[in-house]
Amino acid sequence: MIRLFEQHTVRAQKELEGMWDFTREDGRSYRLMVPGCWEQHPDMLHFRGKGTYSKKIHLSGKTNLRIEFKGVSHTADVYFDGVRIVHHYNAYTPFAGIVREVAPGEHEIKVEVDNSFGEHSALHKPNDYYTYGGITRPVALEEIEDVYIEWLHFTPTRENGVWHGKIEAYVKNIGEQEECFDIVCSLAGQEMTEHVDSLEAGEEKRISWEQDFHKVSAWNVGEPNLYLLSAQLTRDGKCLDDMMERVGFRCVELKNQKLCINGEKVFLKGFNRHEDYGVIGCAIPPQLMAQDMDLMQDMGANAVRTCHYPNDERFLDLCDERGILVWEENHARGLNLEDMQHPDFEQQCEDCIFEMIENHYNHPSIVIWGILNECASETPEGREMYAKQYRQIRELDTTRPATSATCRHFKDICLDLPDIVSFNMYSGWYQDVSVSERHEKEMEWIAAAGGAGKPVIVSEFGAAAIYGFRDRGRCKWSEERQSDLIRENLETYQKDERLTGVFIWQFADCRVTEEEWFATRVRCHNNKGVLDEYRRPKEAYDIVKEMFEKM
Ligand code: ADA
């Protein structure tokens with residue numbers, strides 16, 4: 001499954017799922033499932049390095065091919081019949097390669113994959129989550145004409161109770177001739193057309209329409225109404241290409257220190273969720289994504305934070321369908337100033353933000369963009385990079401607020417930059433302090449350090465528990481202690497009118513890298529899940545359910 005809805009009925013598209021040949025850098029060969037992580041194979045439980053996937057395809061006629069990878073962890077070099085067609089860094093954003101005028105017959109796709117750490121990687125590093133290896137998300141093989149639709153964007157706004165929509169189509173001409181064409185878009189029974197006399201060879205064009213929509217139902221948490229935005233590119237009555245997107249009429253605002261959806265304030269009751277699942281790593285199939293969603297909603301959650309990277313589009317599709325609000329963030333966790341001054345850091349962040357917003361722009365469930373979790377926001381040099389990334393987000397999307405989760409308590413010098421101030425706090429776990437007292441100090445500091453008047457989110461709080469470890473003394477690492485600390489935190493936050501949301505750390509236990517201090521993590525996992533990595537609920541599950549239902 002490439003998406004939870006069909007994106008093309010004219011463009012030929014198929015998913016290259018199934019067994020691919022795989023040769024590890026030491027020459028050993030395997031057959032591996034795509035999508036999948038190579039760590040699923042007993043020979044590669046901890047393999048960090050390079051390997052090459054390959055697959056033969058057969059074409060019945062001459063065509064241009066577009067091969068889109070939804071996620072390869074963490075660096076990919078893609079070859080078509082031995083010629084490199086695309087290189088990509090970062091496991092968490094889609095990318096595509098194009099091959100023109102491919103003859104009918106058999107061809108070979110090779111993907112060199114590298115999940116190693118080192119000077120070539122500023123973002124994928126030893127960390128409190130695991131960088132798996134493999135073609136971990138779907139691969140789409142598409143046949144396209146010389147002129148085709150690269151993306152469709154939909155921007156809803158509302159004035160005086162009337163919904164207004166801006167639709168943009170981004171068309172590319174990869175041919176050697178000038179092209180003329182018509183493009184027709186339809187949304188909610190309304191049609192928009194444009195004739196393009198000339199698009200020069202190698203050129204790209206953004207075509208946009210704006211319309212009022214009077215007979216639509218809004219998208220919101222309790223009522224996630226979705227509409228299909230469809231576009232067809234035609235010439236002389238023949239349809240050359242098409243694309244569908246699924247969109248919602250909703251707008252996000254910040255009013256009186258609250259996050260508002262369609263003018264109504266909302267309190268985010270959320271989880272931090274890593275893309276990680278026992279035995280299958282980060283290659284979570286839609287069935288298990290849906291189960292995660294069922295579990296979060298069963299506990300009364302209405303939000304999820306994609307810590308700490310852009311998520312699989314199918315998960316975001318589910319959030320759109322379920323009315324789950326999403327804080328999606330670029331890929332960065334706990335990088336100090338030295339890490340941020342890595343020569344590739346800024347470009348790798350810029351690419352990740354660009355690809356995240358370009359590909360995920362239409363998801364009505366995404367209501368917040370996040371950057372740079374717990375990076376060096378206490379330094380002037382770090383501040384420059386925070387400011388640059390906030391500028392990039394606001395250039396790409398003026399409709400959603402931006403934030404960043406800080407842990408630089410009492411010394412962060414960037415609180416004036418985000419639209420929403422967010423902080424991670426582990427009172428009672430890392431510091432044996434009263435949650436309520438520490439919370440007051442934090443809120444006073446935020447107001448004085450640039451956050452005055454801004455909505456505030458407690459983006460992380462929680463405690464660890466080893467699944468199955470029960471202790472009547474409620475000692476640390478027991479399920480009982482985790483329950484007590486989550487309850488104490490939520491009792492404090494539910495009373496605080498200054499907050500617009502909380503995200504529990506974390507939904508489920510996740511694997512971490514057995515390097516640096518992360519190797520001290522019991523089981524080489526971050527054990528603060530309310531469920532373990534196999535989605536077995538700990539005692540805290542029922543505490544969260546009880547508390548969220550009261551909030
Ligand atoms: C930080 C970090 C999380 C996780 C958490 C923890 O807040 O943002 O990724 O590492 O701490 O469990 O300590």
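The values are calculated or read from the model by the stated rules, or taken from the named source; none is laboratory data. The shown structure was predicted, so the numbers you read here are calculated from the model rather than taken from an experiment. As a convention, Cβ positions derive from the backbone with ideal geometry for all residues, glycine included, and neighbour counts pool all protein chains shown.
So, Q482, is that one within 16 Å of the ligand (Cβ to nearest atom), in a helix (DSSP H, G or I) and within 21 Å of L295 (Cβ to Cβ) or not? Lay out the reasoning, then the answer.
Numbers: within 16 Å of the ligand (Cβ to nearest atom): yes; in a helix (DSSP H, G or I): yes; within 21 Å of L295 (Cβ to Cβ): yes.
Spelling it out, Q482 is indeed within 16 Å of the ligand (Cβ to nearest atom), in a helix (DSSP H, G or I) and within 21 Å of L295 (Cβ to Cβ).
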| query | How many residues does the stretch 331-360 hold that are in contact with an Asp or Glu (Cβ under 9 Å, 6 or more places away or on another chain) and within 18 Å of S377 (Cβ to Cβ)? | reply | 9
| note | So, first residue at positive phi in the stretch 281-301, second residue at pLDDT 95 or above and basic (K, R), Cβ within less than 8 Å, six or more apart or across chains; the pairs are G281/R511; G300/K269; G300/K545
| Restricting attention to the stretch 68-84, which residues are surrounded by fewer than 18 Cβ atoms within 10 Å (Cβ to Cβ) and of a type in the set (V, I, T)? | V83
| In the stretch 307-334, how many residues are away from the ligand (no atom under 16 Å from the Cβ) and part of a strand (DSSP E or B)? | 2
| remark: Here the qualifying pairs (Cβ atoms under 6 Å; residues six or more apart or on different chains; first in the stretch 446-464 and surrounded by fewer than 24 Cβ atoms within 10 Å (Cβ to Cβ); second in a strand (DSSP E or B) and among the basic types (K, R)) come out as none
| Of the residues E112, E106, E101, E25, which single one is touching a Lys or Arg at 6+ places or on another chain (Cβ under 9 Å), crowded, with 18+ Cβ neighbours inside 10 Å, more than 27 Å from E329 (Cβ to Cβ) and of a type in the set (D, E)? | E112
| Can we say G300 is surrounded by fewer than 24 Cβ atoms within 10 Å (Cβ to Cβ), outside any helix (DSSP H, G or I) and in contact with a strand residue (DSSP E or B) (Cβ under 9 Å, 6 or more places away or on another chain)? | yes
| Scanning the stretch 493-541 for residues that are among the aliphatic types (A, V, I, L, M) and part of a loop (DSSP other than H, G, I, E, B), which turns out farthest from W327 (Cα to Cα)? | V512
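Would you confirm, using the coordinates I've provided, whether E374 is within 16 Å of the ligand (Cβ to nearest atom), without any contact (Cβ under 8 Å) to a residue 60 or more places away in the chain and under 20 Å from I413 (Cα atoms)? Show your work before the answer.
Values: within 16 Å of the ligand (Cβ to nearest atom): yes; without any contact (Cβ under 8 Å) to a residue 60 or more places away in the chain: yes; under 20 Å from I413 (Cα atoms): yes.
Considered against the rule, which asks whether it is within 16 Å of the ligand (Cβ to nearest atom), without any contact (Cβ under 8 Å) to a residue 60 or more places away in the chain and under 20 Å from I413 (Cα atoms), E374 comes out as yes.
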| request: For I413, work out the one condition from (1) within 16 Å of the ligand (Cβ to nearest atom); (2) touching a helix residue (DSSP H, G or I) at 6+ places or on another chain (Cβ under 8 Å) it doesn't fulfil. | output: (1)
| With respect to the numbered conditions (1) outside any loop (DSSP other than H, G, I, E, B); (2) in contact with a helix residue (DSSP H, G or I) (Cβ under 9 Å, 6 or more places away or on another chain); (3) closer than 30 Å to R536 by Cα, which one is the sole condition not fulfilled by W445? | (3)
| note | Per the filter on the stretch 28-48, residues surrounded by 15 or more Cβ atoms within 10 Å (Cβ to Cβ) and touching a helix residue (DSSP H, G or I) at 6+ places or on another chain (Cβ under 8 Å) are Y30, L32, M33, W38, M44, F47
| K265 vs. criteria of a type outside the set (A, V, I, L, M), under 28 Å from the mean Cα position of the chain (by Cα) and either at pLDDT below 95 or under 30 Å from G462 (Cα atoms) (or both) | yes
| Can you tell me which residues in the stretch 346-390 are over 26 Å from V171 (Cα atoms) and either surrounded by fewer than 18 Cβ atoms within 10 Å (Cβ to Cβ) or modelled with pLDDT under 95 (or both)? | E346, P380, E381, R383, E384, A387, K388
| message | Please count how many residues of the stretch 262-297 are of a type in the set (S, T, N, Q), touching a strand residue (DSSP E or B) at 6+ places or on another chain (Cβ under 9 Å) and within 16 Å of G323 (Cα to Cα). | response | 1
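Considering only the stretch 421-437, I want to know if a residue exists there that is part of a helix (DSSP H, G or I), within 16 Å of the ligand (Cβ to nearest atom) and under 30 Å from A463 (Cβ atoms).
Yes, some residue in the stretch 421-437 is part of a helix (DSSP H, G or I), within 16 Å of the ligand (Cβ to nearest atom) and under 30 Å from A463 (Cβ atoms).
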| note | Residue hits (the stretch 489-530; away from the ligand (no atom under 12 Å from the Cβ), under 21 Å from the mean Cα position of the chain (by Cα) and charged (D, E, K, R)) are R511
| remark: A careful count of residues in the stretch 447-468 that are charged (D, E, K, R) and more than 16 Å from the ligand (Cβ to nearest atom) gives 1
| query | Would a scan of the stretch 358-369 turn up a residue that is away from the ligand (no atom under 15 Å from the Cβ), over 17 Å from the mean Cα position of the chain (by Cα) and within 22 Å of H153 (Cβ to Cβ)? | reply | no
